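Contents: one structure, followed by commentary.
The values are calculated or read from the model by the stated rules, or taken from the named source; none is laboratory data. In this text the structure is predicted, and so the values were computed from the model without any measurement. Neighbour counts run over all protein chains shown; Cβ positions are idealised from the backbone, glycine included.
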Amino acid sequence: MTIHIKAYLASAALIALTAAAPAHAEVTLSFLVDNSPDSVAAAEALVEAYQKQAPDVTIEIEQRPGGGEGDNIVKTRLATGEMSDVFLYNSGSLLQALKPQQSLADLSDVPAQAKVDPGFKSVVSADGKVYGVPFGTAMGGGIFYNRAIYKEFGLSVPKTWAEFMANNEKIKAAGKVAVAQTYRDTWTSQLFVLADYYNLQAAVPNFAEDYTDNKAKYASTPAAMKGFEHLKEVHDAGFFNEDFGAASYDDGLRMVATGEAAHYPMLTFAIGALKQNYPENLNDVGFFAQPGDDAAKNGLTVWMPQAIYIPAASGKIEEAKKFADFVGSVEGCKIMTDTNTVQGPPLIDGCPLPADVPPAVTDMLPYFKTAGLTAPALEFVSPIKGPALEQITVEVGSGIRGPAEAAALYDDDVRKQAKQLGLSNW
Amino acid sequence: MARTRPRSQKSPYPLWFFVPAAIIYGIFFLTPTVSSFWYSLTRWDLTTAEFIGLENFQQFFSEPFLVQSLVNTLIYAVTTSGLKTVCGLLLAVLLTSNIFARGFLRTVVFFPVLVSTIGIGITFTVMMHPTKGIINAALGALGIAGPGWLTNPSLALFSVALVDLWKGVGLATLIFIAGLAAISTDYYEAARIDGATRFQQLWRITLPLVRPATITVVTLSLIGGLRSFDLIWAMTRGGPGFSSDVVASVIYKQYQAGFYGLSTAGNVILFALIVAIILPFSLWFNRREVVQ
Amino acid sequence: MRHIRPYVTGGIALLFAAVVFILPFLFILIQALKSKSEASRLSFSLPQEWLFWQNLIAVFKARDYQLLLAYFNSTLITVASVSILVILSAMVGYIMQRRRTPWNAVAQIALFMGLMMPPAVVPTIGLLQNLGLFKTIHGMVLIQVAYNLSFSTLLYRSFISTIPRDLDEAALIDGAKPWQIFFRVILPLLKPVTVTNIVVQSIAIFNDFTNPLYYLPGKENVTVQLTLYNFQSMYTSQYNLLFMNILLVTIPPLIVFIFFNRQIVAGMTAGGVKG
């Protein structure tokens, strides 16, 4: 009996204690991430490390789907005030669609920002305020190539489009697939257009601005049409795999990794999947930027990683900022590069690259070493990206529609997006 | 009997029986349907709707791939409906005649109706793979170079329509079997005595007398065809490019892209299309029913 | 000679049906049993090793047992919405058939619209969000009820016309209240059509893809059809698991079909049915 009473009293005291505790320290933050294995793994590693460092904070990871469905979830949760305290989301135009000035907390004064790459800051800013810290490394958009094939035929990495096509010709003549295309996953069809942006901005430096202001169009800018034209050239030359219309992203990776195909235009985030699915072939895969007309102006189109944001409506902004500071620190950066396969150079000053990176990453580094050899993709410097681009590029790559018509069609698609965003001049 | 009923006029069939159903139907079906007419005239982000007049409709009819989706919807509905009617009737005639394993065959033809559309869509997508699929492998064995069923832009929509036929013909067959069962055998008896061939019997007796079933099949498959989404989405997602987009898939894509007003305008266009096609048809059918 | 003919026609028909209607199901079955590398060839050959259990377990384990959650959600939605549907539509069908009232014309139009009109999706999403029902199972149930009321009511209305009014009147004379007449006298008599209705609606709702796609996004709310759709992109290199999943969604209707073949056929032909 007495034991029971004691136990009862003790537990009552315990309840009183724990109930009183949150008053000074304990905080629970919710953290919404997309459900891709890499994001979840990195988020878990960061949370674990942070909780060790700040034991009074508990962070609960929630997952959401990626793609258009995920965009919708983020938008509606922000609009209805149900967003988690911290969330992971794209930078660039997709961020702009969230109207960060109204919906997000200003992270300009987070200490970690001092070491964040200015190029990255520009893609998470609006009206001069910075709203995010980077989550992961930069990525390149260009062309994966099979190094074994290149060695076998004595080819060298092309610096111009003409060299690229000449390489393709030799590979095709040898009975191999020159360029893998995978239109079962329609998004993979956009690369030739999107990764040509370095060349476009080299030719027309103020394209992004004029394009956002409704002054420049794809159809009326010859340099902008190049991407569509290249796609058509490659298709018309018969360089694609026979089943390009039905092949999937995974097929594309397999082809370039195992040497069924020599090239696969893709973002370097594919290195993660390559390492996972074809580890024994990883060293056969190299990477180069999509070449343009002029070998002297060869540079890389860069995709910025997702970022961590804090909704303005969160009741725990201060605590959330501390976590964001940790994510953006050199330590946070190291945790991420240790957890996942590195897809490109880190964006935090002082954050080292692991020693044994695959050749595809090594191939990217020279572009980043010299200023001016990289440019963020258009979707990071302009808030507008038409949703139908992937269908349009499938059409061009399948020979259904010509490049001029496709570019005009894409301009129409972009107009819809601009109007929906309520941009001026549209 | 001792109980007195003060209002003896009160019906034993109270109108409040309508109420629960009416509430659910009214809130979840009718309200959105009615409000869609307003939202289709706006640029809408779910929180604020800006009135823009007919701009969404203008957009719909000026974008080549949206117009194409409208044409595709009609092609798809007419193709699937026509094929289901013809094949359904032929199968029904076969499966009501005195043949071996009749019950089993009816079962086999009908079963796909009950199976998940998504499952069937994925299965046929794999079987229709241009190089590795078993359909082209079988054709290859016969010396025929199989087409890119789902990758050839001029073929994709019809390939999906064929799968729709495969999945839906069982229902049409079933309705025709019920219709055929209602036809008295005397007619055929008389025709045989007059020396009519089997084809003449089909053309002169079966076809006219099975007309109510035909109308049901055509109406149902037309409505189904015009609204069709899941099979197309599972097999081609409207591709390659926009070549197999239908209005329902455009509605989904515009919704995904965040163009809520435009998506709703697509919905209104689909209403209009269905009403314009089905209403005259059913009115005519209902009148015939009354006459009979 | 005459009695051989049915066998010849039957034989040919059987062969044709086997190729056209059975082969795809066999294809699903054998792919589901293969190993990953063998299934990726997509060929119609018997598996070299039979991996039924391994594949089954792998599919269930995928993404933290997502498929189990999906079966739970789908079953819950199906059971709840069909139960509500049966009661509500029987009530409506009963009054529509029994009583002459101007409201019948309204109900008639509503039924017709419900059968024909595609639902206005985005406004429905807006509405559900305002009511706090977006992405909830009960919201989904109410949607399924609203969308399937018409068909269900039509089934009941035509069946109730076969039940003599004398029964209602006898009960009335015995002093039964209107709701008692319906629930105690009429509803039990509707059992055959109720069974038909339950079976047909359950299959339709369980197989529904479009409505959960719009109204029930989110990982915790997945339904069987959505899971299958998502697995399609996840399993591009593991066709054996994809087909195991397809096999699993094909089995419930097969079982229902074996037990309720007659009711399904009756329901589908009587109402004429949707899509």
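Comparison of B:95, B:89 shows that the only residue that is at the interface with chain C (Cβ under 9 Å from one of its Cβ atoms) and over 30 Å from residue C:238 (Cα atoms) is B:95. Among the helices (runs of 4 or more DSSP H) confined to region C:4-61, the ones with at least 2 residues that are aliphatic (A, V, I, L, M) and within 9 Å of chain B (Cβ to nearest Cβ) are located at C:5-17, C:23-33. The sole residue among A:372, A:402, A:422, A:397 that is within 14 Å of chain B (Cβ to nearest Cβ) and within 21 Å of residue A:142 (Cα to Cα) is A:397. The residue list A:240, A:192 contains one member that is within 14 Å of chain B (Cβ to nearest Cβ) and not acidic (Asp, Glu), which is A:240. Taken over region C:244-273, the residue count meeting the criterion of being more than 8 Å from chain B (Cβ to nearest Cβ) and modelled with pLDDT under 85 is 6. Please enumerate the residues belonging to region A:294-310 that are outside any loop (DSSP other than H, G, I, E, B), more than 21 Å from the chain's Cα centre (by Cα) and touching a residue at least 24 places away in the same chain (Cβ under 8 Å). Listed by number, the residues that qualify are A:295, A:297.
Here B:100, B:110 are screened, and the one residue that is within 12 Å of chain C (Cβ to nearest Cβ) and surrounded by 21 or more Cβ atoms within 10 Å (Cβ to Cβ) is B:110.
Checked against (1) among the small types (Gly, Ala, Ser); (2) closer than 30 Å to residue A:273 by Cα; (3) at pLDDT 90 or above, residue C:171 passes all but condition (2). Kindly check whether there is at least one residue in region A:1-23 that is at pLDDT 80 or above, out of contact with any strand residue (DSSP E or B) (no Cβ under 6 Å at 6 or more places or on another chain) and either farther than 16 Å from residue A:314 by Cα or aliphatic (A, V, I, L, M) (or both). Scanning region A:1-23 turns up no residue that is at pLDDT 80 or above, out of contact with any strand residue (DSSP E or B) (no Cβ under 6 Å at 6 or more places or on another chain) and either farther than 16 Å from residue A:314 by Cα or aliphatic (A, V, I, L, M) (or both).
Screening region C:102-125 for residues that are touching a helix residue (DSSP H, G or I) at 6+ places or on another chain (Cβ under 7 Å) and among the polar types (S, T, N, Q) and picking the one that is nearest to the other protein chains (Cβ to nearest Cβ) gives C:124.
Of the residues in region B:66-78, how many are within 15 Å of the chain's Cα centre (by Cα) and surrounded by fewer than 19 Cβ atoms within 10 Å (Cβ to Cβ)? Of the residues in region B:66-78, 3 are within 15 Å of the chain's Cα centre (by Cα) and surrounded by fewer than 19 Cβ atoms within 10 Å (Cβ to Cβ).
Return yes when residue B:162 is under 21 Å from residue B:109 (Cα atoms), more than 14 Å from chain A (Cβ to nearest Cβ) and hydrophobic (A, V, I, L, M, F, W, C) and no when it is not. Considered against the rule, which asks whether it is under 21 Å from residue B:109 (Cα atoms), more than 14 Å from chain A (Cβ to nearest Cβ) and hydrophobic (A, V, I, L, M, F, W, C), residue B:162 comes out as yes. The residue list B:226, B:207, B:222, B:231 contains one member that is closer than 30 Å to residue B:186 by Cβ and either of a type in the set (A, V, I, L, M, F, W, C) or surrounded by 23 or more Cβ atoms within 10 Å (Cβ to Cβ) (or both), which is B:207. One residue stands out among those in region C:139-170 that are touching a residue at least 40 places away in the same chain (Cβ under 8 Å) and surrounded by fewer than 17 Cβ atoms within 10 Å (Cβ to Cβ): the one that is nearest to residue C:222 (Cα to Cα), which is C:158. Among the residues of region A:274-292, are any among the β-branched types (Val, Ile, Thr), outside any strand (DSSP E or B) and either more than 14 Å from chain B (Cβ to nearest Cβ) or over 16 Å from residue A:178 (Cβ atoms) (or both)? No, because not a single residue in region A:274-292 is among the β-branched types (Val, Ile, Thr), outside any strand (DSSP E or B) and either more than 14 Å from chain B (Cβ to nearest Cβ) or over 16 Å from residue A:178 (Cβ atoms) (or both). Remark: pairs (first residue in region B:51-67, closer than 16 Å to residue A:410 by Cα; second residue small (Gly, Ala, Ser); Cβ separation under 8 Å; 6+ apart in sequence or on different chains) = B:59/B:265; B:60/B:265; B:60/B:266; B:65/A:388; B:65/B:241; B:66/B:266.
Per-residue answers, yes or no, for (1) surrounded by fewer than 22 Cβ atoms within 10 Å (Cβ to Cβ); (2) away from chain B (no Cβ under 14 Å):
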position: A:72; (1), (2): yes, no
position: A:81; (1), (2): yes, no
position: A:104; (1), (2): no, yes
position: A:120; (1), (2): no, yes
position: A:131; (1), (2): no, yes
position: A:143; (1), (2): no, yes
position: A:149; (1), (2): no, yes
position: A:152; (1), (2): yes, yes
position: A:155; (1), (2): yes, yes
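Anything in region A:203-248 that is over 15 Å from residue A:190 (Cα atoms), of a type in the set (Phe, Trp, Tyr) and in a helix (DSSP H, G or I)? List them, or say none. Hits for region A:203-248 are A:207, A:211.
A count restricted to region B:18-56 and to residues that are more than 7 Å from chain C (Cβ to nearest Cβ) and either among the aliphatic types (A, V, I, L, M) or in contact with an Asp or Glu (Cβ under 9 Å, 6 or more places away or on another chain) (or both) stands at 13. Residues of region C:64-101 that are more than 15 Å from the chain's Cα centre (by Cα), in contact (Cβ under 8 Å) with a residue 40 or more places away in the chain and more than 13 Å from chain B (Cβ to nearest Cβ): C:66, C:67, C:69. Inspect all residues belonging to region B:191-198 and state whether any of them is assigned to a helix (DSSP H, G or I), at pLDDT 90 or above, over 20 Å from residue A:392 (Cα atoms) and basic (Lys, Arg). Taking every residue of region B:191-198 in turn, none turns out to be assigned to a helix (DSSP H, G or I), at pLDDT 90 or above, over 20 Å from residue A:392 (Cα atoms) and basic (Lys, Arg). Residues in region C:125-181 that are among the charged types (D, E, K, R) and more than 26 Å from the chain's Cα centre (by Cα): C:165, C:166, C:168, C:169, C:174, C:177.
Do we find that residue B:83 is in contact with a helix residue (DSSP H, G or I) (Cβ under 6 Å, 6 or more places away or on another chain), modelled with pLDDT under 90 and not aromatic (Phe, Trp, Tyr) in this structure? No, not satisfied. Residue under question is residue A:88, and the condition is that it be closer than 19 Å to residue A:323 by Cβ, part of a strand (DSSP E or B) and either over 12 Å from the mean Cα position of the chain (by Cα) or not assigned by TED's automatic domain parsing to the domain that holds residue A:209 (or both); does it hold? Criteria met by residue A:88. Residues C:32, C:39, C:62, C:58: which one is within 30 Å of residue C:139 (Cα to Cα) and aliphatic (A, V, I, L, M)? From the options C:32, C:39, C:62, C:58, the qualifying one is C:62. A single member of C:67, C:29 is closer than 19 Å to residue C:225 by Cα, crowded, with 18+ Cβ neighbours inside 10 Å and of a type in the set (A, V, I, L, M), and it is C:67.
I need the full set of residues from region B:210-236 which are out of contact with any Gly (no Cβ under 8 Å at 6 or more places or on another chain) and at the interface with another protein chain (Cβ under 7 Å from one of its Cβ atoms), in order please. The one that is out of contact with any Gly (no Cβ under 8 Å at 6 or more places or on another chain) and at the interface with another protein chain (Cβ under 7 Å from one of its Cβ atoms): B:229. Determine the pairs where a residue that is at positive phi and in the same structural domain as residue A:144 (by TED's automatic domain parsing), located within region A:269-281, has a partner that is in a helix (DSSP H, G or I) and surrounded by fewer than 17 Cβ atoms within 10 Å (Cβ to Cβ) with Cβ atoms under 6 Å apart, the partner being 6 or more residues away or on another chain. Taking only residues 6 or more apart or on different chains, not a single pair turns up. May I ask you to list the residues in region B:262-274 that are surrounded by fewer than 24 Cβ atoms within 10 Å (Cβ to Cβ) and among the small types (Gly, Ala, Ser)? Hit for region B:262-274 is B:272, nothing else.
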